[in-house]
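As structure tokens, the structure follows; a few thoughts come after it.
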Amino acid sequence: MENGSADGEELSRRDVLKFVGVSVGIELMASSGSFVESARAADLIQRRQRSEFLSSVKSTLFTAIKGNPELIPSLLTLALNDAMTYDKASKSGGPNGSIRFSSELSRPENKGLSAAMNLLEEAKKEIDSYSKGGPISYADLIQDAAQSAVKATFLASAIRKCGGNEEKGNLLYTAYGSSGQWGLFDKQLGRSDTMEPDPEGRVPQWENASVKEMKDKFSSIGLGPRQLAVMSLFLGPDQTATETLLATDPDVSPWVQKYQRSRETVSETDYEVDLITTLTKLSSLGQQINYEAYTYPVPKVDFRKLKL
């Protein structure tokens, strides 16, 4: 009888423990599900905030560039030179906004870029005035301006191919080959600014550099002749002169010719896609992207105070 009683008591305890365990498990699962859903909702809110902010930034930069189209070459070189300070060995430099410092902007390789930087300073004031998630970093501002400048060149090309008709040019631009590539660039929003200039001697003077010097610099950051050729628009104010020089090199020449032919087509697909892809890589060298940048808390609504 004692053994039977002990077994029955033990069984009863086990049943109770199982019941409690299942109950606690269900509660944990329920709370966990609620937590996951809340996290997903918060993530969607942040994505929307960043998307809306980026859309506003693009609009501001587009307007600024449209009013100063002569600064497009300088804006492109500004972005390139800010990124080209990247050093693979030390994992330092890169597109970190260091070019904003006067001591770096005044270097020989950055000659003539002050006007472009001044334009971005004015754009930054406007952007910061409507940003709900804090001021935009110079690192983001400079690279986003390059994106807007590239788009402006593609749009201008489309309009020219339509005989100057802006309406038809805009429609043609929508047929260009960058349908998904810009999305990859946009995900890089959230670059951080450095608090000091990058070391000297890391960026060539593009207008005076030999093709070998250009190739060596691109190679040092993991890019080759193909990327050098497609970035000709960024290597000084005269793209034709730059491509003429690049075409003298047997490694770069085939790519120069390929992109020249591509620009003559209606969609410019090969040229545009490769340019955007290369710019995206350059604009993220050595950067740890903060995917919560420019997000902000959403005010909670007390539904009890709402009048129905």
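Does any residue of region 169-189 turn out to be closer than 20 Å to T85 by Cβ and surrounded by 12 or more Cβ atoms within 10 Å (Cβ to Cβ)? Even if it seems obvious, please write down each step before you answer.
At the first step, the residues of region 169-189 found to be closer than 20 Å to T85 by Cβ are 185, 188.
Okay, now just the ones that are also surrounded by 12 or more Cβ atoms within 10 Å (Cβ to Cβ), so 185, 188.
Looking for residues that are closer than 20 Å to T85 by Cβ and surrounded by 12 or more Cβ atoms within 10 Å (Cβ to Cβ), one finds at least one in region 169-189, hence yes.
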Any residue that is closer than 26 Å to Q188 by Cβ, assigned to a loop (DSSP other than H, G, I, E, B), in contact with a Pro (Cβ under 6 Å, 6 or more places away or on another chain) and not aromatic (F, W, Y) - is there at least one of those in region 273-284? yes
Across region 91-110, what is the total count of residues that are in a helix (DSSP H, G or I) and of a type outside the set (D, E, K, R)? 7
Taking the condition under 17 Å from G286 (Cα atoms), in contact (Cβ under 8 Å) with a residue 40 or more places away in the chain and not in a helix (DSSP H, G or I), does D140 pass? no
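Listed residues L78, L61, L54, L28; which is modelled with pLDDT under 90, in a helix (DSSP H, G or I) and surrounded by 10 or more Cβ atoms within 10 Å (Cβ to Cβ)? Please lay out each step first, then the result.
Details: L78 fails: modelled with pLDDT under 90; L61 fails: modelled with pLDDT under 90; L54 fails: modelled with pLDDT under 90.
Just one listed residue meets the conditions, L28.
Determine which member of the set L184, L189 is farther than 18 Å from E272 by Cβ and either small (G, A, S) or under 14 Å from the mean Cα position of the chain (by Cα) (or both).
Working: L184 fails: farther than 18 Å from E272 by Cβ.
Just one listed residue meets the conditions, L189.
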Looking at this structure, is K151 more than 19 Å from T295 (Cβ to Cβ), crowded, with 20+ Cβ neighbours inside 10 Å and modelled with pLDDT under 95? yes
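Could you pull out the residue among T269, T265, T248, T278 that is buried (at least 17 other Cβ atoms within 10 Å of the Cβ) and not small (G, A, S)?
Values: T269 fails: buried (at least 17 other Cβ atoms within 10 Å of the Cβ); T265 fails: buried (at least 17 other Cβ atoms within 10 Å of the Cβ); T248 fails: buried (at least 17 other Cβ atoms within 10 Å of the Cβ).
Checking each option against the conditions leaves just T278.
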Do any residues in region 248-260 that are in contact (Cβ under 8 Å) with a residue 24 or more places away in the chain have Cβ atoms under 9 Å from those of residues that are surrounded by 15 or more Cβ atoms within 10 Å (Cβ to Cβ) and among the polar types (S, T, N, Q), where the two are at least six apart or on different chains, and which pairs are they? W255/Q227; V256/S232; Y259/S232
Which residue out of S90, S12, S103 is of a type in the set (G, A, S), surrounded by fewer than 16 Cβ atoms within 10 Å (Cβ to Cβ) and either touching a Phe, Trp or Tyr at 6+ places or on another chain (Cβ under 8 Å) or at pLDDT below 60 (or both)? S12
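The values are calculated or read from the model by the stated rules, or taken from the named source; none is laboratory data. Keep in mind that what you see is a predicted model, and the values were worked out from it rather than measured. Because the Cβ atoms are built from the backbone with ideal geometry, glycine has one as well, and the counts that use them run over all protein chains shown.
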